[in-house]
Amino acid sequence: MFLCITSMWKFDNVIDSTKVILNALSFVGAILLLYIGFIKESEYDETFYKPLQEFEDGIITPFANAGFLGKLSFRWLNPLMKKGKSKILEDEDVPHLRSADGAGTCFDLFNRKMDMLKRKDPLGKPSILMSILLCHKKSILISGVFALIKILTLTTGPLFLHTFIEVAQGRESFKYEGYALTAGFFLAKCLESLAERQWHFRTRLIGLQVRSSLTAAIFHKQLHVLNAAKKTHSPGQIMNYVTVDAHKIGEFPFWFHQIWTTILQLILVLCVMYYSIGVAASAALVIVILTVLANSPLSKLQLKYQTNLMIAQDKRLKAITEALAHMKVLKLYSWEKHFMDAINKLRSEETKWLSSVQTQKGCYLLLFWSSPILVSSATFVACYLFGVPLHVSNVFTFLASINLVQQPIRNLPDVVGAFIEAKVSLSRIVKFLEEPDMHTRDMKKQRQDDVNICINCTDVSWEMNSVNPTLKDITLDIKHGEKVAVCGEVGSGKSTLLSLILGEVPYINGTVDVYGKIAYVSQTAWIQTGTIQENILFGSNMEPQRYRQAIERSSLVKDLEMLPFGDLTEIGERGNNLSGGQKQGVQLARALYQDADIYLLDDPFSAVDAHTSTNLFNDYVLGALSGKTVLLVTHQVEFLPAFDSILLTSSGKIMESGTFDELLTKSEEFQDLVNAQKTTSDPKCQEVYATKRLKEAEIEFDNNVSSEERDDVVSLKGDQLIKAEEREVGDAGLKPYIQYLKHNNGFLYFSLAVIVHSMFVVGQYIQSYKLAIGLQDSSVSRLKLIRVYTVTGFSLILFLILRSILAVKLGLGTSKSVYSTLSGSLFSAPMSFFDSTPFGRMLSRVSSDLSIVDIELPFLLNYTVGSIIILYSTYVILCFFAPEVLLVIVLMIYVTILVQRYYNASAKELMRLNGTTKSLVANHLAESISGIMTIRAFAQEGRFFFKNLEFIDKNARPIFHTFSATEWLILRLEIICTIIMSSWMLGMTSLHSGSSGLTGMAFSYGLSLNAILVWCVQCQCTIANSIISIERLEQYMRIPSEESELVQTNHPLPGWPKRGKVEICDLKVRYRQNAPLVLQGISCTFEGGQKIGVVGRTGSGKTTLISALFRLVEPTDGKIIIDECDISTIRLHDLRSRIGIIPQDPTLFTVLQDGSNWSMGQRQLFCLGRALLKRSRILVLDEATASIDNATDAILQKTIRLEFADCTVITVAHRIPTVMDYTKVLAISDGKLVEFDEPKKLINKEGSLFGMLVKEYWARTES
């Protein structure tokens, strides 16, 4: 309290030598702190720094071992700042966090507090908010103490001003009082700065810990939550919880103390006002109360708008997540525009609420920026009414007090906004975290009767209280080592039976007991981004012999040999650069490597050719899994005789069970299923094959037939497909700001806002100047002076209104334009972009980055420019009234610029690293959500959770050092500002010249110099961090379009194609420059109305041919002509919309994600319905019936033959009977056309590839 006492010497009129000594000692202490803060790196003493601890592949942050003074001055950050100045910072340059700040530690602490609350109230739900508060109560208290010190020291400023004006007027209490005041002021400001920096740093650290713990909690929850929760929490929403909601909650602790400190500061300021102007201060109190009351309805509206905005954002993000995840399907169907329109409607709804939120922010901006003007005007009117005399000392003490609370009051919109956003976000996260978990499936020991699986359930359903259960009356015992097949028509519940065993079905009436370790192969292959080896090992240690066996038994050896890096080749997301068969091979190898007791295989052979499927069945199921319990879902009845037991499902029930011969004898349904295999082919072709069998008995299949290039993106040798995420480096200058403002008249609105704000600042100075001059002139009427002051003040409010309108206009206009450009760029991007770009990178841009541009950037930009104008205009005022200290001020400004440049070198790269590392968190979350059944089946939840903790910490490292660097910078700049202000005071004291009124005006502005500087630097740092989002969005706003501008205007003739003739002329395709050719000069012609079968072994290039037909990949050479029209010369929409397709991966939209509540076969039937409705002259079937039973396949083939009798039908098939009665068959091997002729002729042809495939298929069937 000695600072307060010192500043009030004049009022006590007592000279206390003890106080002078204390001030002198404090001055020495401040100099010591300055020395510590600016000392060179090589001169530190180990009393301030302990040796750095090694942390695996890097070092732990020096903050962990810094001493008290090192932490106080942020000197522990110097090594990183020095490194950032000398080189571009990379991820490995950023030190690791302390263990106390790690996501794992924070999550464990959060869980312990939750458990403690549960024990206190076992019947109620523990409060997540209370748990967070309990985790950080000590840190909150410590940061609160620093906040209190800051407020107390800040409030001494007007008292210093009052005394200094007295000195300036020649009424000194003692000699050298001006110098003593300068010293006291310097110490007070140093203490204020140190306290505020610790306050802000510690609250930022709390926010980081809260964000990490919540992100970890969300990820942990999605690993264990019931599948039923998917209905209310889509993958897009869960992504939003992590990228947006957890971020907003993590931001709130920074603003938390602002709530009570602003109230305390107002109370203290009102006390100072009362001391200065007496009862007239009541007018200020009335205006403050009215401002608070006006804020109440605005806050309620803000809560409503923010809630609705987040709901609308979830809907838009869910839709765009589906679209980006299945862009290939959209392009095949030419649905990009339709989906863009649908998403744009959702965006329009989101923009409506965004407009309300931004308008509300504009109202806050107006209310709280105008309140100091209203307070001063009302108070001066009250002074006139109450007869309070107005003179320089009490008026400028009063105005200095208002200036001090201006910044906290102006921050109130941000405080209220942060509170509301955090409240909305927390309620959304709480709703998700309180969803029920799955029952933990512990691996039970083997039973004495050797049973591995025991099921006794009456009802099994994916929905609560379902009228039509998915499975009914399931009673099943499977013993160890048994091989059980599950077959039945589409949608009969086969996959649900496996899900039941895995514990994935949420609602069951009965019991399911599983004894032993499970391995699972899903029907739709789930592959992680990473190497093939990582996907196969799946967290297990490498055992070379077991690993080699897994690869061999899964028929992957040849595929790996052709890849540029073998099993170290990186696979694109969802296995984009592998064929369907290769993806299933990786899945099978992954399952086999786990050496489990029970193997659940969901139709794994449907995506491979007959030869490969036979090899897999013999080598994998009967060989590698001999002695294991196997439950295989299959539509390939040729494998059924080898099983110990067969389950025939129909309408959710197990209709029959028994061996193959038993079912064939007693079940007509099973007979129909088996006989359907024979009826799917032309009997005459079977007959031809039978007559040739004996002649070709000596022909053996050459196991050394080389594998083909992958169907999708092929990696360059020495160059992996998935690249490190692109980021800008170095000082981008004004480039990202220009990129932002170029959208939708942004420059116009921004320029007008700058002009209006400049006029507002100039108006404020004119208002104060007239007041200062008028107070010294006794001839000027006080009423006139107050009238001029008040009228000027109200005119300034008009500028504030205009500035708020311009800020809102800027924000909404740029948001619309940025989103429109981004979505247009993404939807017109080529498939190669989606193949090589992890899904999480795209999601982080359309969620968190876009959210920052929508909500934060426009007002941040206005605040930043406004703060710079106010800061430098304050420098000008100080120079104007004390030109003698101009040199000091200019020197300090120069030093300020140098320090900022030194800071920017490191800070910009740290901010960019934050952008790239948060994509890792998003990508890992997206992959984990899509593969959750596989992760749970292999009991890998723990490994994935710990990997998530690694990614959270990797993202937290640059965040931590970014806000630490901000405090490092502000502390040094505040000291510089304190030196400037102290120098000015010394100058004024030494000269004893100038008007006391103008001196009071200058001092009143100078007192708030530190606050303005802090605000200015914080705005600059925040916007520098936020503008990174524009850099990241800009990268995806300029993706080269898959269609050239010249072609976009070329339309084919109306009714094209009329005949459906397809000519393929020397077609060569490679996926990337310098990559090997995938198709090597294919030439053939499909006449209109012909039925063409495309066959070949797994990975031969069949799907690439289809991709070229739809121009998903452009030919390297050659062309495709349809009805005399070169397809490369017409619009993509015209081409794709006029060719029908039933794709390999059937997808349904806007039901559940991927239509996962329908079976694969049911989804393929839906796709057939699409094709029937489209009625194209050319229809392509890409493995369209792979997941359908033979009986349904026969019906579908009959439907296609009937409904598309006059159309050209191109069928890619592994089921050979499908194409036996086709006009011609095109056989491909190694990307080359091997043969193209009628099926019967090819069967009779010596050495025919098609003949081999037919022989293999029927040999397998008859076996």
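Just so you know, in the stretch 1176-1193 the residues that are assigned to a loop (DSSP other than H, G, I, E, B), modelled with pLDDT under 80 and not small (Gly, Ala, Ser) include one that is farthest from the chain's Cα centre (by Cα), and it is 1189.
Listed conditions (1) of a type in the set (A, V, I, L, M, F, W, C); (2) at pLDDT below 80; (3) buried (at least 24 other Cβ atoms within 10 Å of the Cβ); (4) more than 35 Å from the chain's Cα centre (by Cα) are all met by residue 1227, apart from (2). Looking across the stretch 557-584, just one residue is crowded, with 22+ Cβ neighbours inside 10 Å and either over 32 Å from the mean Cα position of the chain (by Cα) or free of Cβ contacts under 8 Å to residues at least 40 places away in the same chain (or both), and that is 559.
From the residues in the stretch 1015-1060 that are hydrophobic (A, V, I, L, M, F, W, C) and in contact with a Cys (Cβ under 9 Å, 6 or more places away or on another chain), which one is surrounded by the fewest Cβ atoms within 10 Å (Cβ to Cβ)? Full working, then the answer.
Taking the stretch 1015-1060 and keeping what is hydrophobic (A, V, I, L, M, F, W, C), we get 1015-1017, 1019, 1021, 1023-1024, 1027-1028, 1030, 1033, 1037, 1039, 1046-1047, 1053, 1056.
From the residues that got through so far, the ones that are in contact with a Cys (Cβ under 9 Å, 6 or more places away or on another chain) too are 1053, 1056.
Details: 1053: 11, 1056: 17.
Within the stretch 1015-1060, the match that is surrounded by the fewest Cβ atoms within 10 Å (Cβ to Cβ) is 1053.
Scanning the stretch 1082-1105 for residues that are assigned to a helix (DSSP H, G or I) and of a type in the set (A, V, I, L, M) turns up just one, 1105. For residue 783, the test of being in contact (Cβ under 8 Å) with a residue 60 or more places away in the chain, aliphatic (A, V, I, L, M), touching a helix residue (DSSP H, G or I) at 6+ places or on another chain (Cβ under 7 Å) and crowded, with 20+ Cβ neighbours inside 10 Å is failed. Taken over the stretch 306-342, the criterion of being small (Gly, Ala, Ser) and either buried (at least 20 other Cβ atoms within 10 Å of the Cβ) or within 30 Å of residue 1178 (Cα to Cα) (or both) is satisfied by 319, 323, 325, 334, 342.
In this entry, residue 507 is excluded by the filter for residues that are surrounded by fewer than 22 Cβ atoms within 10 Å (Cβ to Cβ) and either modelled with pLDDT of 90 or more or out of contact with any helix residue (DSSP H, G or I) (no Cβ under 8 Å at 6 or more places or on another chain) (or both).
If the condition is being more than 50 Å from the chain's Cα centre (by Cα) and either of a type outside the set (Val, Ile, Thr) or assigned to a loop (DSSP other than H, G, I, E, B) (or both), then the stretch 1230-1248 contributes 1237, 1238, 1239, 1240, 1241, 1242, 1244, 1245, 1246, 1247, 1248.
Residues in the stretch 527-552 that are more than 21 Å from residue 577 (Cβ to Cβ) and not in a helix (DSSP H, G or I): 539, 540, 541, 542, 543. Do we have any residue at all in the stretch 1150-1162 that's out of contact with any helix residue (DSSP H, G or I) (no Cβ under 6 Å at 6 or more places or on another chain), outside any helix (DSSP H, G or I), small (Gly, Ala, Ser) and at pLDDT 90 or above? Within the stretch 1150-1162, none of the residues are out of contact with any helix residue (DSSP H, G or I) (no Cβ under 6 Å at 6 or more places or on another chain), outside any helix (DSSP H, G or I), small (Gly, Ala, Ser) and at pLDDT 90 or above.
Taking the listed residues 920, 878, 871, the one that is among the hydrophobic types (A, V, I, L, M, F, W, C), closer than 29 Å to residue 998 by Cβ, in a helix (DSSP H, G or I) and touching a Gly at 6+ places or on another chain (Cβ under 8 Å) is 878, with no other qualifying. The residues of the stretch 152-166 that are surrounded by fewer than 23 Cβ atoms within 10 Å (Cβ to Cβ) and either farther than 20 Å from residue 974 by Cβ or among the hydrophobic types (A, V, I, L, M, F, W, C) (or both), listed by number, are 152, 166.
Residues checked against (1) modelled with pLDDT of 90 or more; (2) under 30 Å from residue 1008 (Cβ atoms); (3) not assigned by the TED database to the domain that holds residue 808:
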| site | (1), (2), (3) |
| --- | --- |
| 833 | no, no, no |
| 848 | no, no, no |
| 853 | yes, no, no |
| 858 | yes, yes, no |
| 861 | yes, yes, no |
| 865 | yes, yes, no |
| 869 | yes, yes, no |
| 890 | no, yes, no |
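On the stretch given as the stretch 515-525, residues that are surrounded by fewer than 22 Cβ atoms within 10 Å (Cβ to Cβ) and touching a Lys or Arg at 6+ places or on another chain (Cβ under 8 Å) total 2. Is it the case, given these coordinates, that residue 850 is farther than 29 Å from residue 751 by Cβ and either within 18 Å of the chain's Cα centre (by Cα) or of a type outside the set (A, V, I, L, M, F, W, C) (or both)? So residue 850 fails the test.
Of the residues screened, residue 1081 is not one that is in contact with a Lys or Arg (Cβ under 7 Å, 6 or more places away or on another chain), crowded, with 17+ Cβ neighbours inside 10 Å and in contact (Cβ under 8 Å) with a residue 24 or more places away in the chain. Scanning the stretch 1209-1227 for residues that are in contact with a Lys or Arg (Cβ under 6 Å, 6 or more places away or on another chain) and closer than 20 Å to residue 580 by Cβ returns a single hit, 1212. Within the stretch 1106-1134, can you find the residues that are part of a strand (DSSP E or B), in contact (Cβ under 8 Å) with a residue 24 or more places away in the chain and under 17 Å from residue 1086 (Cβ atoms)? Of everything in the stretch 1106-1134, those that are part of a strand (DSSP E or B), in contact (Cβ under 8 Å) with a residue 24 or more places away in the chain and under 17 Å from residue 1086 (Cβ atoms) turn out to be 1118, 1119, 1120, 1121, 1122, 1125. Condition (residue is over 27 Å from residue 838 (Cβ atoms), among the polar types (S, T, N, Q) and either surrounded by fewer than 24 Cβ atoms within 10 Å (Cβ to Cβ) or not assigned by the TED database to the domain that holds residue 485 (or both)) applied to the stretch 607-614: is it met by at least one residue? Among the residues of the stretch 607-614, at least one is over 27 Å from residue 838 (Cβ atoms), among the polar types (S, T, N, Q) and either surrounded by fewer than 24 Cβ atoms within 10 Å (Cβ to Cβ) or not assigned by the TED database to the domain that holds residue 485 (or both), which makes the answer yes.
The values are calculated or read from the model by the stated rules, or taken from the named source; none is laboratory data. Given the structure is predicted, the values throughout are model-derived calculations rather than measurements. Please note: Cβ atoms are built from the backbone with ideal geometry, for glycine as well, and neighbour counts cover all protein chains shown.
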